[in-house]
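Notes follow once the structure below has been shown.
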Amino acid sequence: MKKIFSIVLILLSLSIQSQNIHFVDDEYFTASLAVDPSASLKEDSPNVAFEIELVSYWKYVKANVQVLPGLEGGYLDLTGGFGANLTHGKFDKVRYYGGVRLGVIKRGMDEGETCTYPMWGLEGGIDVKLTDSFFIGVRTTGDWREDFLYTGGEPGLRYSGFGRVGFKF
């Protein structure tokens, strides 16, 4: 078993090296706007997120604000995330990232009774540089959310997918 595991690791390492996949070798900030089209259509209300992020060599740290005003009781989440990034391609055009998300969800703002619920989960995404300062990307999240209690539901896992556009500075 150890031999098979070692062979798989060597083959994976060679594959990654041949594709020129490596840690980001720069440090910069990004600001982006993301939209979850599925939730936006389902709730007939825009589900949008604004993110600011520090990308620093092998890691990233971000802050996120997401709103879905059409959801019963309104929806606002404030999250932070951190994780690792890799990049590849000529001139590092593609960035892959994945990490952990932690935050709170606010519900009931439109009714004057704001309730706060915890959330935590994972995220992963791919960004493609179109210019030195502009990128587009996709991001997916899997979050354990307790705000379903607001409408009488049970806490649970929710998956979301976002398209995003952003600027690097």
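The values are calculated or read from the model by the stated rules, or taken from the named source; none is laboratory data. Predicted model, so just to flag it, every value in this text is computed and none were measured. Every residue, glycine as well, gets a Cβ built from its backbone with ideal geometry; the counts of neighbours run over all protein chains shown.
How about the stretch 69-97: which of its residues are among the hydrophobic types (A, V, I, L, M, F, W, C), at pLDDT 95 or above and more than 14 Å from residue 126 (Cα to Cα)?
Result: 76, 78, 82.
Return the pair list, or none, for Cβ contacts closer than 9 Å from residues in the stretch 126-138 that are farther than 16 Å from residue 98 by Cα to residues that are part of a loop (DSSP other than H, G, I, E, B) and among the small types (Gly, Ala, Ser), at least 6 apart or on different chains.
Cβ pairs passing all conditions: 129/89.
For residue 159, state whether it is among the hydroxyl-bearing types (Ser, Thr, Tyr) and not in a strand (DSSP E or B).
No, not satisfied.
Collect the residues in the stretch 60-81 that are free of Cβ contacts under 8 Å to residues at least 40 places away in the same chain and surrounded by 16 or more Cβ atoms within 10 Å (Cβ to Cβ), keeping them in residue-number order.
60, 62, 64, 66, 67, 68, 71, 74, 76
Which numbered condition in (1) in contact with a Gly (Cβ under 7 Å, 6 or more places away or on another chain); (2) free of Cβ contacts under 8 Å to residues at least 40 places away in the same chain; (3) surrounded by 15 or more Cβ atoms within 10 Å (Cβ to Cβ) is the only one that residue 101 fails?
If we test residue 101 against (1) in contact with a Gly (Cβ under 7 Å, 6 or more places away or on another chain); (2) free of Cβ contacts under 8 Å to residues at least 40 places away in the same chain; (3) surrounded by 15 or more Cβ atoms within 10 Å (Cβ to Cβ), just (2) comes out false.
Within 18 Å of the chain's Cα centre (by Cα), of a type in the set (A, V, I, L, M, F, W, C) and either over 28 Å from residue 26 (Cβ atoms) or modelled with pLDDT under 95 (or both) - does that describe any residue in the stretch 145-153?
So far as the stretch 145-153 goes, no, none of its residues is within 18 Å of the chain's Cα centre (by Cα), of a type in the set (A, V, I, L, M, F, W, C) and either over 28 Å from residue 26 (Cβ atoms) or modelled with pLDDT under 95 (or both).
Looking only at the stretch 16-43, count every residue that is in a strand (DSSP E or B), at pLDDT 95 or above and not hydroxyl-bearing (Ser, Thr, Tyr) and tell me the total.
Adding up the residues that qualify gives 5.
Picking from 68, 130, 76, which residue would you name as being in contact with a strand residue (DSSP E or B) (Cβ under 7 Å, 6 or more places away or on another chain), under 15 Å from residue 35 (Cα atoms) and of a type outside the set (Lys, Arg)?
76
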